[in-house]
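The values are calculated or read from the model by the stated rules, or taken from the named source; none is laboratory data. Bear in mind that the values here come from a model prediction, so they are computed numbers and not experimental data. Because the Cβ atoms are built from the backbone with ideal geometry, glycine has one as well, and the counts that use them run over all protein chains shown. Ligands, DNA and RNA are stripped out before the accessible areas are found, and what is left, the full protein with its side chains, is counted by its heavy atoms. Shrake-Rupley method; radii C 1.70, N 1.55, O 1.52, S 1.80 Å.
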Amino acid sequence: MIISCADFSENVTNDSNPENGMVTEFSATYEFHDSRTVIDDETGHLSWQKGDLISIFSAESSSPTCFETASNEDTATFKGQIAKSATYVGLYPYDPNSSFNLSSSSVSTTLNINQKAVVGSFDPSCFLTVGLADNQQIDFRNVCGGVRFSVSTPGITKVVFRSLEKASALAGTVRIKVSNTEVPVATVTANRSDSVVISCPEGFETGKHYYITTLPILLNQGFEFIFYKENLNWSTVCYQPVEIKRSVYSTVNNADDQNSIDKIKVPVDLSVDETANCYVVSSPGYYKFLPTKGNTSKVLSGIDKVGLVWETANTSGSISEHDILSNVSFINGYIYFETPAELKDGNALIAAYNGSNVLWSWHIWCCKGFDPDGTAQRYKEF
């Protein structure tokens, strides 16, 4: 997507607090004071680039005003001209068709379905970030995540990344909730797409990384890559549940080779939102959780090993070992386990040990197709 914007250098003063009631400068950082728009493929470091454009909204206007930076910095100064207001919200990249709703503190814009291939980086027109201004300082926060991939076949000119669930939303027109205390959350409001297309007319370079940007999402049924080369096309498929996290590009090397895809085992983090003593698993896959004491944030120390204490199918009949869970392990501070390819209803107990002493245990309920959020009830305490 090509965006044009006027050169403000000729008609904007350098005064950041002019007497005419206009604001002409905003200082912009990126989440945790890192940076954005261009990524270092090796370190993951991002930086603002000369000519970057952002949308600035005010409480008085739902339409965007274009601000531009003239330097390559981690903390960049963006210049434009907008009336003084009690509230300012920033959106990157600049989108003339975007809008701001003050009552819901949300920005509407589009995450493009069709994306341009950039060696070692993402299409900057798709890397959505938002932020609330604090005294003309905006700390932009990521909205999206995605997939970082390479190919081994020369001559590929187009790649489609597709969810195996038709109802999935990888891209489209979105409404983004903006807050200075919570991470931004995007909801698709129109043009929902279960796939994203990335194109490179001159051909993707083999062994080089390219980035596909999507909305954060849990792909319960997995995903598919579709590759196009001249008159040929083929696909590789992953049937593992995969989570695309905000701010993370998960790497798939040689994505055009099914053997590489077959090695993917991406755990779903059951403790990412809240820790617990019991977790519910409703679909087959590979899972992990933090070994905390119940709902607390206290992570256990001194764990020598973890193991499966018992498992049951909730019947009076006996079951075979690992019918419910298998491959229980402790890696880099997380407890991991797998379910069979066809999830069986039942439950199991996983324990953490120091020597022969049990430090703590966690109950795993396997309930095929069960949606805890869909049946949750909240009771008021009196």
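Within the range 201-217, the set of residues being of a type outside the set (V, I, T) and surrounded by fewer than 18 Cβ atoms within 10 Å (Cβ to Cβ) comprises P201, E202, G203, E205, G207, K208.
Restricting the range 102-119 to residues that are open to solvent by 70 Å² or more (accessible area, probe 1.4 Å) and either assigned to a strand (DSSP E or B) or farther than 15 Å from S58 by Cα (or both), which is modelled with the lowest pLDDT?
Looking only at the range 102-119, we keep the residues that are open to solvent by 70 Å² or more (accessible area, probe 1.4 Å), and these are 102-103, 114, 116, 119.
Keeping just the survivors that are either assigned to a strand (DSSP E or B) or farther than 15 Å from S58 by Cα (or both) gives 114, 116, 119.
Numbers: N114: 98, K116: 97, V119: 94.
For the range 102-119, the residue satisfying everything is V119.
Whenever a residue of the range 121-132 is acidic (D, E), its partners that are at pLDDT 90 or above, lying with C-beta atoms within less than 8 angstrom and at least six residues away or across chains, give the pairs D123/N112; D123/Q115; D123/K116; D123/A117; D123/I198; D123/Y211; D123/T213.
If I filter the range 76-99 down to residues being among the β-branched types (V, I, T) and crowded, with 16+ Cβ neighbours inside 10 Å, which single residue comes out as nearest to V143 (Cα to Cα)? First the steps, then the outcome.
In the first step, residues of the range 76-99 are kept if they are among the β-branched types (V, I, T); the result is 77, 82, 87, 89.
Remaining after also requiring crowded, with 16+ Cβ neighbours inside 10 Å: 77, 82, 89.
Values: T77: 22, I82: 25, V89: 14 Å.
Among them, the one singled out is V89.
Kindly indicate whether P18 is open to solvent by less than 30 Å² (accessible area, probe 1.4 Å), part of a loop (DSSP other than H, G, I, E, B) and either within 27 Å of L102 (Cβ to Cβ) or at pLDDT 75 or above (or both). Criteria met by P18.
Considered as a group, the residues in the range 240-279 that are open to solvent by 40 Å² or more (accessible area, probe 1.4 Å) and among the small types (G, A, S) include one that is nearest to the chain's Cα centre (by Cα), and that residue is S247.
Each row is one residue, and each column tells you yes or no for (1) over 28 Å from F225 (Cα atoms); (2) of a type in the set (A, V, I, L, M, F, W, C); (3) touching a Lys or Arg at 6+ places or on another chain (Cβ under 8 Å).
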{"position": "G120", "(1), (2), (3)": "no, no, yes"}
{"position": "A133", "(1), (2), (3)": "yes, yes, no"}
{"position": "Q136", "(1), (2), (3)": "yes, no, no"}
{"position": "V143", "(1), (2), (3)": "no, yes, yes"}
{"position": "I156", "(1), (2), (3)": "no, yes, yes"}
{"position": "S163", "(1), (2), (3)": "no, no, no"}
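Restricting the range 348-374 to residues that are open to solvent by 50 Å² or more (accessible area, probe 1.4 Å) and under 22 Å from A313 (Cα atoms), the residue that is modelled with the highest pLDDT is W365.
Every condition in (1) aliphatic (A, V, I, L, M); (2) under 30 Å from T24 (Cβ atoms); (3) in contact with a Leu (Cβ under 7 Å, 6 or more places away or on another chain) is met by L132 except one, and the failing one is (3).
Just the residues that are hydrophobic (A, V, I, L, M, F, W, C) and in contact with a strand residue (DSSP E or B) (Cβ under 7 Å, 6 or more places away or on another chain), please, taken from the range 73-108. Break it down into steps so the answer makes sense when it comes.
Going residue by residue through the range 73-108, those that are hydrophobic (A, V, I, L, M, F, W, C) are 76, 78, 82-83, 86, 89, 91, 100, 102, 107.
The answer is A76, F78, I82, A83, V89, L91, F100, V107.
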